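Undergrad: Can you read through this structure? Questions will come right after.
Every read-out reported here was derived from the displayed coordinates using simple, explicitly stated rules and does not represent laboratory data. Just so it is clear, the structure is predicted and the values come from calculations on it, not from any experiment. Every residue, glycine as well, gets a Cβ built from its backbone with ideal geometry; the counts of neighbours run over all protein chains shown.
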Amino acid sequence: MFELILNVLLFLFLVYAAIFNVIEAPVPDKVQRNPYALQPGTWPTVLIVMLLVMIAINIVKILKEKKGKEEFSFGAFVQGIPEFFKSKLFIGMLLVVIASIILEPLGFMVTCFFLLFTYAILLGDKNIIRNLIVSLAITFFLYLFFGVLLKVNLPRGTVTALRNFALWLESLLP
Amino acid sequence: MIQMLLDGLAVVFQPGTFFMTLLAIVMGTIFGALPGVSATMAVALGLPFTYSMDPVSAIVFLVAIYCSSITGGSIAAILFKIPGVPSSAPTTFDGYPMAQRGEAGKALGVALVCSAIGGLFSALCMFFLSPQLTQAALSFGPSEMFAITFMGLSILTSLDSENILRTSISGILGLLLATVGQDPMYGVQRLTFGSNQLLSGIEMIPVLIGIFAITEVLQQTISDDRLTADDAEKAGASTIKTTMPTIKEWLSIKWVILRCSILGTIVGILPGAGATIASFLCYSTETKLSKYPEKFGTGIIDGVAASETANNAATGGAMVPLLSLGIPGGNAAAVMMSALVLKGVQLGPLLLINQPQYLSATFVSMIITNIVMVFVAIGIAKAFAKILSVPYSILGPVIIMLATIGSYATNMSTMDVKIMAIAGIMGILFRVMKFNSAALILGLVLGSICEGNFSRAYTIYRADIGAMFMRPVAGTIMVVCIVALIYPFVGPVIKAKFGKNKEKA
C-alpha cells in the first residue's frame, strides 16, 4: 500500500509541477519568436508527460499485482503507521535530518558529536561512557584531519558561544 | 605516447600524490571488503580528501579508490558469500563453495591476480582507445552527443529487463531533476518552486552521496545480518593464506581471462553499464562457452576468474567515455566527473587534447593501483577479522559524517547537506517503490548534457528532428538505442515464437 501511495503522491506532485512550475520566469521575446529554438519549457514538459504516463501504468500494475492480498489494504497501512514512527529507520532518518539542520547554527563539532553519539545508541551501543569518549575522539579527529590538515572550511556555527569555542580551538593549533 | 607516459609518472610519483594514492588503495580495498559500502560509495566517501588537491591528483586518488574497492569486494564474497561490492556477486557462486572446501586461499589468489590482469588490460585499452575516441569525437556535433548520452540511459533501462518500467521512470526522474534551475540555453528559471538556492540547479555531489552513502547506512540500521568479527573468526579469516593456483590451472583459464578482459572493458565503455553488469554478463557467457558448464557454481576457479577479471576490466572501460567525451561510463565515474567539474575542469573531447596529463596520470594510477592492490588485499584479507571488529555503531555514523563533510565542502554550503539528507531519504523511498537509484543518478548526471545538445541540434537543424538523426553516427546510435529499448518487450515474444516453431519441427 505504501508503494501505491508514494506513486500516487509522485503523480500528483508532477501534475502540480507541470501546471505551476515548469516555467517560473518570462521567456525572452527573441526566444519566443524564434521558430527554431527549443522553448525552455518544452524539455521538462515532455519529461513530465512521459513520467505521468509511466507512473499511471505503474499504479495500474501495482493494483493488478496486489489486488486481493490481505496486507494490501488501507486499514493495514494505517495500522502500520505508529510502528513506522517507532522504527529505527524513521529515527535514523530523523537524526540525519536534524544533523543537517543544526549544522549551520551549531557548527561542525557539536553536530558531529551529536550524530556520532545518538546514532551509535540507535545502532545498539549500550556502553554510554565508551560511546561518549569515542564520539568525542572521532569528532576531534575529523575536525583536525579535514578542518586543519586538508583545510576544508568546516562550519563554526552561528551561535556565538560555539563559534568562539571553535575559533579558540583553532587558535591553539599551529 | 612515451612523453605522455613520462608525464603521468611525474604526476603520480610526486611524494604527496604517491602517498595519497597508497592511502586510496588501502582505503578502497577496505571499503570494498566491507559489505554495504559499494565502489561508488567508496569513491563518494573519498571526495572530501580531494578538495585540497589539484584536479589531476584528485582523479588519480579517486581512480585508485575505485579500482581497489572493486577488488576488495571479492574478499567478503569468497569468505562469507556476501559480496563486498555488488559487482562481486557472481564471485560468490564459485568463490564461496571453494572456501567451504578449504580452498579460500586459492580462490582469493585467483580473484586478486585476475582482478589485476583485468584492471591492467583495461588500463591499456583506456590509454590507447581514449585518444582515438577523442579524435573521432571532435567531429561529433550536438546530435551525436545527444545520441551517446541517450544511449547511456537506454542501455541501463534495457539491461534491467525485469523492471524496465520502473527503471525508465527513475532515469526520466533524474533527467527532470537536472532541469531544476536555469535552462542551459536561455537562463529561464524552471522548477525551483520559488527557492533561490535552487536557481543554480541541484548539485550532483550531495545527491550522489545521499543516495549511495546515507541510504545504505539507513538500510544497514535496520539490517540484522551485518557481518561481525566473530563471523570472520569462525570463517578462519585470520589464518587464511592466499595461495596461487598451479601453472597448469592458470593455463586452463587463460582464455577465460582474455575473453572477460575484452568483454568487461567493452561493457565498461558503454555509458550506463558498469562493473556489476560486466561481471554478471561475463559469468553467464563463460557458463555457455565452457566445456564443463555443469561445474559452474560448484566451486571452480573459472567462475571466480570470469567475475573478477570482468569487474576490474570495466573500471578502465568506464574511464574511456569520461575522459574522451565527458560522459561517465557508470556511477563511480559520475562521482569522479562531479569532482572534476567542481574543480572547474571543462570535460569533453578537448580535455585530452589540451591537457593530456589527465589520461596519462589516470593510466599510471591504474597501473600502480592494480599491482599494489594485490599485496594490500592479501594483507587486508588476513586482517579482515580486525577490520570487522570495528562495530557498525561506530562505522555507520562515521560514514554519515564523511558524507556530510563531502557534501558541505562542495560549495561550503549547508544547503547541500540538507539536499544530501533529502536524497538519502529519497533513496529509501526509491527502494520501497522498487525504483532504480543508479538510473536516477545517471539521468541527473546526463540530464544537462542531454538537453543542451538536443536544444543546440534542434536549432542547427531548424527544428527538423528527422534531419538531426540522419547523420551516420547519430542515426546508428539512435537505432541501437531503439533496439535496446524495444528488445526487452519484443525479445521474449520472439523467443517464445521460435521455441514453438522448434517444438513443431
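Undergrad: Using a Förster radius of 60 Å, what is the FRET efficiency between residue B:496 and residue A:101 based on their Cβ-Cβ separation? Nearest 0.05, please.
TA: Efficiency for this residue pair is about 0.65.
Undergrad: I want to check the label-to-label distance for residue B:165 and residue A:153. Put each point 7 Å from Cα in the C-beta direction and report it in nm to one decimal.
TA: Distance between label points: 5.0 nm.
Undergrad: Considering only the other residues whose Cβ falls under 14 Å of the Cβ of residue A:80, what net charge follows from Lys and Arg at +1 and Asp and Glu at -1?
TA: -3
Undergrad: May I pose another question? Going by alpha carbons, how many degrees (0 to 90, nearest 10) lie between the helix axis of A:74-86 and the longest principal axis of chain A?
TA: It works out to around 20 degrees.
Undergrad: OK, next. Rounded to the nearest 500 deg cm²/dmol, what is the calculated helix-only ellipticity per residue at 222 nm for chain B, with -39500 (n - 2.57) per DSSP H run of length n ≥ 4?
TA: Taken over chain B, the calculation gives -24500 deg cm²/dmol.
Undergrad: What ranking do A:11-18, A:42-49, B:335-342 get when scored by the average of other Cβ atoms within 10 Å per residue, highest first?
TA: Highest to lowest by the protection proxy: B:335-342, A:42-49, A:11-18.
Undergrad: So what is the orientation-averaged projected area of the protein assembly as shown, using the convex hull of its C-alpha atoms, in nm²?
TA: 33.9 nm²
Undergrad: Mind checking the mean number of beta-carbon atoms from other chains within 10 Å of the Cβ atoms in A:120-133?
TA: 3
Undergrad: Here's another thing I want to ask about it. If I model a spin label as a point 7 Å beyond the Cα along the Cα-Cβ vector, how far apart are those points for residue A:144 and residue B:258 in nm?
TA: 5.5 nm
Undergrad: Now, a different point. Quick test of the membrane-span-like rule: which DSSP H helices of chain B reach at least 30 Å along their long axis (C-alpha atoms) with mean Kyte hydropathy at least 0.0?
TA: Sorted by number, the helices that extend far enough and score high enough are B:55-80, B:104-137, B:301-325, B:357-382, B:437-460, B:472-504.
Undergrad: Could you check the spin-label model distance between residue B:429 and residue B:390? Points 7 Å from the Cα along Cα→Cβ, value in nm.
TA: Going by the 7 Å Cα→Cβ label model, 3.2 nm.
Undergrad: Additional query: Calculate log10 I(q)/I(0) of chain B for q = 0.06 Å⁻¹, where I(q) comes from the Debye formula with a single equal point scatterer on each Cα and nothing for solvent.
TA: The calculated log intensity ratios at q = 0.06 Å⁻¹ are -0.26.
Undergrad: State, as an integer percentage, the relative contact order of chain A based on alpha-carbon contacts under 8 Å between residues 6 or more apart.
TA: Once divided by the residue count of chain A, the mean separation gives 19 percent.
Undergrad: Can you list, largest first and rounded to whole Å, the semi-axes you get for the stretch A:61-174 by taking the square root of 5 times each eigenvalue of its Cα gyration tensor?
TA: Gyration-tensor ellipsoid for the stretch A:61-174: 42, 16, 12 Å.
Undergrad: Still on this structure, please answer the following. For residue B:101 and residue B:294, FRET efficiency with R0 = 22 Å and r from the beta-carbon atoms, rounded to 0.05?
TA: The calculated FRET efficiency here is 0.80.
Undergrad: Among B:54, B:416, what is the fewest-to-most ranking by other Cβ atoms within 10 Å?
TA: Ranking B:54, B:416 by Cβ neighbours within 10 Å, fewest first, gives B:54, B:416.
Undergrad: Just to confirm the number: angle between the C-alpha axis of helix A:160-172 and the first principal axis of chain A, 0 to 90 degrees, nearest 10?
TA: 60 degrees
Undergrad: Another question, then. Please find the FRET efficiency linking residue A:71 to residue A:13, where r is the Cβ-Cβ separation and R0 is fixed at 25 Å, and quote it to the nearest 0.05.
TA: Efficiency for this residue pair is about 0.45.
Undergrad: What order do you get for A:10, A:63 when you list them from fewest to most C-beta neighbours inside 10 Å?
TA: Listing A:10, A:63 from fewest to most nearby Cβ atoms yields A:63, A:10.
Undergrad: Helix A:2-20 versus the longest principal axis of chain A: what angle, 0 to 90°, nearest 10, using Cα atoms?
TA: Helix A:2-20 sits at roughly 70 degrees to that axis.
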